[in-house]
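Quick note: the coordinates plus some simple rules give every number you see, no bench work behind them. This structure is a prediction, so every number in the text was calculated from the model and none was measured. Positions of Cβ are backbone-derived with ideal geometry, glycine not excepted, and every protein chain shown enters the neighbour counts.
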Ligand SMILES: [Zn+2]
């Protein structure tokens, strides 16, 4: 499932094909994915210029010159492919139409943007740009972890007196938007906090290490994603999936990589999802 760094990588990969370009033709090949597409989506997209391509949490937002914003969510298995335009060092030109290519945008710069989603948990919708933050998918989202509205004081307030395990609190999209299972595990390993610890017991000094660790872990992954856009292995134009090595995620039974620790990575389940951590250096 794509997390924030993957979505940001997709956005950056789409920029050269989409930003400032006109959607000359939108091809919409079914009536919806997770939810029905908005009415007349083909007509509302065709002829619109993409003024800006932004990201909010795990959503890509294309602001159109029609005063509407196209909201794109990749869901579980959504993939974006770009062809006919240069990304990084490569000119991508695949491709036979594939089975699950549901929406294709033919852009004025010659680029072709394809949304492929085998499991169809993804979503696309249109909303008035001025009120896009009120859209059902975006309303109630907390601050961006890489933005200025996310800071120590906010976490202190949200954590104070609560018994929620810290991993679940950081996955709560109302507290901070866009953090997912993988990167929360990595963050908690980096700061030495056990994922089951109630947030009320996390002191101010620990919170002051948590905020920069969240930013670092995400930024490193975004950097790895950025490199992937220049990588010949991505030459099929598929965006957002890149090699990135995790220290704890998916490493049950392996030696902990924290210098001098000597512990072993454990896996537990919290709210139905796997948590990876080292009981030796995370307390
Ligand atoms: Zn360890």
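Observations on the model:
- Average silhouette area of the range 4-134, convex hull of alpha-carbon atoms, in square nanometres: 7.3 nm²
- Residues of the range 194-228 with amide N under 18 Å of the 7 Å Cα→Cβ point at residue 283: 194-210
- One chain, two ends: residue 174 and residue 149. Fully extended at 0.36 nm per residue, the span grows by 7.7 nm beyond their Cα-Cα distance.
- Distance between the range 129-157 and the range 21-75 - C-alpha centres, whole angstrom: 22 Å
- Amide N proximity, the range 133-157 versus residue 39 label position 7 Å along Cα-to-Cβ, cut-off under 13 Å: none
- Using the rule -39500 (n - 2.57) for each DSSP H run of four or more residues, divided by the residues of the chain, the 222 nm mean residue ellipticity is -7500 deg cm²/dmol.
- Simple label model, 7 Å out from Cα along Cβ direction - residue 224 to residue 49, nm: 3.9 nm
- Modelled spin labels at residue 1 and residue 77, positioned 7 Å past Cα toward Cβ, are 1.5 nm from each other.
- Axis of helix 204-228 versus longest Cα principal axis of the chain: the two differ by about 40°, to the nearest ten degrees.
- Summarised as an ellipsoid, the range 74-198 has semi-axes of 37, 18, 15 Å, derived from the eigenvalues of the Cα gyration tensor scaled by 5 and square-rooted, with the largest first.
- For the range 242-283: rounded, prolate or oblate by the Cα gyration tensor [a/c cutoff 1.5]: oblate
- One compactness figure for the range 127-283 is 1.13, namely its Cα radius of gyration divided by 2.2 N^0.38 Å.
- Estimated translational D of the chain in µm²/s (Stokes, Kirkwood radius over Cα pairs; 20 °C; 1.002 mPa s): 107 µm²/s
- GNM on the chain, alpha-carbon springs under 10 angstrom: the most fluctuating residue among 269, 66, 114 is 269.
- Folded to 0 to 90 degrees: helix 181-191 orientation relative to the chain principal axis, Cα: 40 degrees
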